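Chemist: I am attaching a structure below and will ask some questions about it afterwards.
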Amino acid sequence: MKVTVVGDLLLDVDINGTATRLSPDAPVPVVDVAHIRRRAGGAGLVATLLARDGHDVALVTALSDDDGASHVRRALTGVAILTGAPLAPTPTKTRVRIGTHPMVRFDEGCAPAPSPSCTAEMLAAIASAEAVIVADYGRGITANTDIRTALADAARHVPVVWDPHPAGSEPVPGMAVVTPNLAEARAAVKAGGLDPSTSGAEGAGKHLLDRWRSNAVLVTTGQDGAVLVEAAGPGKIIPAPKTIVDDPCGAGDRLAGSLAVYLGLGLELPGAAARAVEDASAFLAKGGASTLTMDTSNAATGGDGPASQPVSAKASPVVELFGRFPGLEPGIQLARTVRATGGTVVATGGCFDLLHAGHARTLAAARSMGDCLIVCLNSDDSVRRLKGLHRPIVSMEDRAELLLALSCVDAVVVFDEDTPEACLNQLRPDIWVKGGDYEPDELPEASLVAAWGGRCVTVPFHPARSTSGLAEALAKVS
């Protein structure tokens, strides 16, 4: 789908590290920086998400020519950026985290900015879109009169979803949906001279529906979901799936982008809103905006690469079948989440038929090398091709369940090929561990793992402990 995002660009910077001591100058923690990660924020985040979904995305915005803008442009690879002359520095929001806990945020270049200029190409991108999202972050792009006129014209033909901001402009009349969160809705009600404490989400939505003259208002209510308000009938409560959220950053951007796409595909508003709420919840469940970093530097090594940092991330016991069920990817997401927080991803592989003490020792040794352990497990068909028709003795579902019962295993990924290469290409572990008495460079996976900067490690086999030996012993007993 051809989608145009209209809005303000930001640069988001995450500084992640650890703190084990206080500064001698003041009673504040000293942060040992592991990674500095940059990504496009604001309208750039909306554009990034839509581009990753496979849409043809144009971004109508204002962008400076400073150092921050260069980082933003790199993060927006694959997005057509249409911008007028720069009028203000790139606003940069820098968050410092210790582990997963935010400590402080620094804002630079975030003073009020003049309304930016507009070009014919920017207007053409709005006019030719199949769906439009306005991501207003209060930097002036939505105050441009030519852009407002173009949005009003587009709304007569395609869905236009407006995500407002307290410091931004009033939505143009005729929008398909305006998507304030509850705090923004109450702030807008207060700005209209009413007491926001007397209005819940539905009441605020009704007031804003009349004030903004939009076709609908979707008031998001955090973990509870959203309330959809239309001209006729009562508000519709749209519950959100129960999700454990560490950082809600980007949820509104995910929701607005999904909502515009679903409307562009022809879904009715209630159904589109429900699916957009589900998308936002799933986005947060997978780690949210922090997993979308495009530019990473390792402060400890001076280059790209993992830095050790404890991560607690026990995965859901879901078996993944690469090439069969691509929608199931907890192992892949676990790897991304651990890596995004500066952790080290460790993976190992094998059949693990008749789990024995040698397996347990190898897995425990592998887990001790990093912050999560993902096991690449041969499917039943793969085991038969490798070991013969009499194997496996234990089904892959049971093998996966037994592995996940071990505290050292965080996720299991089942692959159907003869080798784990496709699986490794998806996971891209920092360390690949195998049992054996050969050199790590001799492993068939060594060159593949080295391609993304990973390394191979071998741990010794434990004598007299093997699945084949157990199978032979069981056959004699029977």
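The values are calculated or read from the model by the stated rules, or taken from the named source; none is laboratory data. Here the structure is a predicted model, which means the values were calculated and not measured. Reconstructed Cβ throughout: ideal geometry from the backbone, glycine too, with neighbour counts over all protein chains shown. Note: accessible area is taken over every heavy atom of the protein model, side chains too, but ligands, DNA and RNA are not part of it. Shrake-Rupley method; radii C 1.70, N 1.55, O 1.52, S 1.80 Å.
Chemist: Being open to solvent by 40 Å² or more (accessible area, probe 1.4 Å) and more than 16 Å from Asp163 (Cα to Cα), is that true of even one residue in the range 251-264?
Modeler: Within the range 251-264 (the criterion being open to solvent by 40 Å² or more (accessible area, probe 1.4 Å) and more than 16 Å from Asp163 (Cα to Cα)), the answer is no, since none of the residues qualifies.
Chemist: Now, a different point. Just give me the residues in the range 374-416 being of a type in the set (Asp, Glu), open to solvent by less than 70 Å² (accessible area, probe 1.4 Å) and under 30 Å from Gly343 (Cβ atoms), in sequence order. Break it down stepwise before answering.
Modeler: Going through the range 374-416, the residues of a type in the set (Asp, Glu) turn out to be 380-381, 397-398, 401, 410, 416.
In the following step, the residues that additionally are open to solvent by less than 70 Å² (accessible area, probe 1.4 Å) were identified as 380-381, 410, 416.
Asp410, Asp416, listed by residue number.
Chemist: Tally the residues that are of a type outside the set (Gly, Ala, Ser), part of a helix (DSSP H, G or I) and open to solvent by 70 Å² or more (accessible area, probe 1.4 Å), restricting the search to the range 88-130.
Modeler: To start, the set of residues in the range 88-130 that are of a type outside the set (Gly, Ala, Ser) comprises 89-98, 100-108, 110, 112, 114, 116, 118-119, 121-123, 126, 130.
Going one step further and asking which of them are part of a helix (DSSP H, G or I), we end up with 121-123, 126.
Now narrow it down to the ones that are open to solvent by 70 Å² or more (accessible area, probe 1.4 Å): 121.
Result for the range 88-130: 1.
Chemist: How many residues are in a strand (DSSP E or B) and buried (at least 19 other Cβ atoms within 10 Å of the Cβ) when one looks only at the range 228-242?
Modeler: Step one: filter the range 228-242 for residues in a strand (DSSP E or B), giving 228-230, 236-239.
So of that shortlist, the ones also buried (at least 19 other Cβ atoms within 10 Å of the Cβ) come out as 228-230, 238.
Number satisfying all stated conditions: 4.
Chemist: Ok, one more. One residue is enough: does the range 58-78 have a residue meeting the conditions part of a helix (DSSP H, G or I), open to solvent by 70 Å² or more (accessible area, probe 1.4 Å), in contact (Cβ under 8 Å) with a residue 24 or more places away in the chain and not aromatic (Phe, Trp, Tyr)?
Modeler: Of all residues in the range 58-78, those part of a helix (DSSP H, G or I) come to 67-75.
Narrowing the set further to residues that are open to solvent by 70 Å² or more (accessible area, probe 1.4 Å) leaves 67, 73-74.
Now drop any that are not in contact (Cβ under 8 Å) with a residue 24 or more places away in the chain, which leaves 74.
If we keep only those that are not aromatic (Phe, Trp, Tyr) too, we end up with 74.
Checked the range 58-78: at least one residue is part of a helix (DSSP H, G or I), open to solvent by 70 Å² or more (accessible area, probe 1.4 Å), in contact (Cβ under 8 Å) with a residue 24 or more places away in the chain and not aromatic (Phe, Trp, Tyr).
Chemist: Conditions first: (1) outside any loop (DSSP other than H, G, I, E, B); (2) open to solvent by 60 Å² or more (accessible area, probe 1.4 Å); (3) out of contact with any helix residue (DSSP H, G or I) (no Cβ under 6 Å at 6 or more places or on another chain); (4) at pLDDT below 90. Ala187 passes all but one, so which condition is the exception?
Modeler: (2)
Chemist: Does Val177 satisfy the criteria of being within 20 Å of Ala280 (Cα to Cα) and aliphatic (A, V, I, L, M)?
Modeler: Details: within 20 Å of Ala280 (Cα to Cα): yes; aliphatic (A, V, I, L, M): yes.
The answer is yes for Val177.
For (1) at pLDDT 95 or above; (2) open to solvent by 70 Å² or more (accessible area, probe 1.4 Å); (3) touching a His at 6+ places or on another chain (Cβ under 8 Å); (4) more than 15 Å from Ala256 (Cα to Cα), each residue gets a yes or a no:
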position: Gly200; (1), (2), (3), (4): no, no, no, yes
position: His207; (1), (2), (3), (4): no, no, no, yes
position: Val217; (1), (2), (3), (4): yes, no, no, no
position: Gly225; (1), (2), (3), (4): no, no, no, no
